[in-house]
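Have a look at the structure below, then the notes.
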Amino acid sequence: MYDILVPGYEKNLSRLHLFDIKSIDENIITQGISFDKTNIEKNLTLFLYPDDSDEDGRMLRIYQEYFMVSSSAQLIVEEAQLRGCKLYDLNEYAAVQINDTHPAMIIPELIRILCEKGIDFEKACETVQKTCAYTNHTVMSEALECWSEDLVRRLIPRIYDIIKEIDNRFRAYVWENTHDADYVERTAIVSNGAVRMANLCVAACHSVNGV
């Protein structure tokens, strides 16, 4: 982790945490941004938002996003515990603002961490919902991040399982309030072979705003 000091209000300083891995090979950068997307170990954090027009690029993007949110989630929980957090009250020690859909995996990742530390799944979901809020940047369907369900299941299986359980619970909630099967499917998180990250944020955060 690298800390960058950011000057703020009335000469105060904030710390911007940046995460990297030691195996990154910056020597492969020559002209342009062409690189081997299959060599995850050497280019996981080399370029943000790598081209995801093919399978290799999509795999790299998922690995990259998960690396960033997992590093952040672990740090958030660790710092909160040092300040006296009992985990079930994480929302009293931290606020997570999900800026667009790219960091959406922090929702299931925080749930995973809390469960591994002894919080039951129901309480973990409730705590994470109180902790996370979502800023939506667009209503254009082509810009709302969706991942292949098969790819998510294969690359990050535990995260997939948690997303699937959130989806099941959200489907039940929507059905109970609408009794409209079509609406349930349109608002679902996992549908037609895709994991819809914006839907995950809307379903699992305590508030949503748009810009």
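Quick notes on this one:
- Cβ pairs under 7 Å, 6+ apart, first in region 79-108 and closer than 27 Å to Ile62 by Cα, second open to solvent by 10 Å² or more (accessible area, probe 1.4 Å) and among the polar types (S, T, N, Q): Gln97/Thr135; Ile98/Thr135; Asn99/Thr135; Asp100/Thr135; Ile106/Ser72
- The number of residues in region 57-97 that are in a helix (DSSP H, G or I) and not polar (S, T, N, Q) comes to 22.
- Taken as a whole, region 114-122 holds at least one residue that is touching a Leu at 6+ places or on another chain (Cβ under 7 Å), closer than 26 Å to Phe19 by Cβ and open to solvent by 30 Å² or more (accessible area, probe 1.4 Å).
- Residue pairs meeting the criteria (Cβ under 8 Å; at least 6 apart or on separate chains; first under 24 Å from Gly57 (Cβ atoms), in region 155-168; second charged (D, E, K, R) and assigned to a helix (DSSP H, G or I)): Arg158/Arg112; Ile159/Glu109; Ile159/Arg112; Tyr160/Glu149; Tyr160/Arg153
- Across region 1-51, the number of residues qualifying as of a type in the set (Val, Ile, Thr), surrounded by fewer than 13 Cβ atoms within 10 Å (Cβ to Cβ) and not in a loop (DSSP other than H, G, I, E, B) comes to 2.
- Close pairs from region 58-71: first more than 19 Å from Glu116 (Cα to Cα), partner assigned to a helix (DSSP H, G or I) and modelled with pLDDT under 95, Cβ under 6 Å, at least 6 apart: Tyr63/Ile40
- For Val202, the conditions (1) touching a residue at least 12 places away in the same chain (Cβ under 8 Å); (2) farther than 18 Å from Val69 by Cα; (3) not charged (D, E, K, R) all hold with the exception of (2).
- Subset tally (residues that are more than 15 Å from Asp20 (Cβ to Cβ) and either at pLDDT 85 or above or hydrophobic (A, V, I, L, M, F, W, C) (or both)) for region 40-53: 2
- Here is the figure for region 98-138: residues that are outside any helix (DSSP H, G or I), under 14 Å from Val69 (Cα atoms), modelled with pLDDT of 95 or more and of a type in the set (Val, Ile, Thr) total 1.
- Scanning region 115-148 for residues that are within 15 Å of the chain's Cα centre (by Cα) and not β-branched (Val, Ile, Thr) returns Cys125, Gln129, Cys132, Ala133, Tyr134, Asn136, Leu144, Glu145, Cys146, Trp147.
- Test: residue in region 133-154 that is over 28 Å from Asp51 (Cβ atoms), open to solvent by less than 70 Å² (accessible area, probe 1.4 Å) and not hydroxyl-bearing (Ser, Thr, Tyr): yes
The values are calculated or read from the model by the stated rules, or taken from the named source; none is laboratory data. Since we're looking at a predicted model, the values are computed, not measured. Heads up, the Cβs are rebuilt from the backbone with ideal geometry, glycines too, and the neighbour counts pull from every protein chain shown. Ligands, DNA and RNA are excluded from the accessible area calculation, which covers all protein heavy atoms including side chains. Shrake-Rupley method; radii C 1.70, N 1.55, O 1.52, S 1.80 Å.
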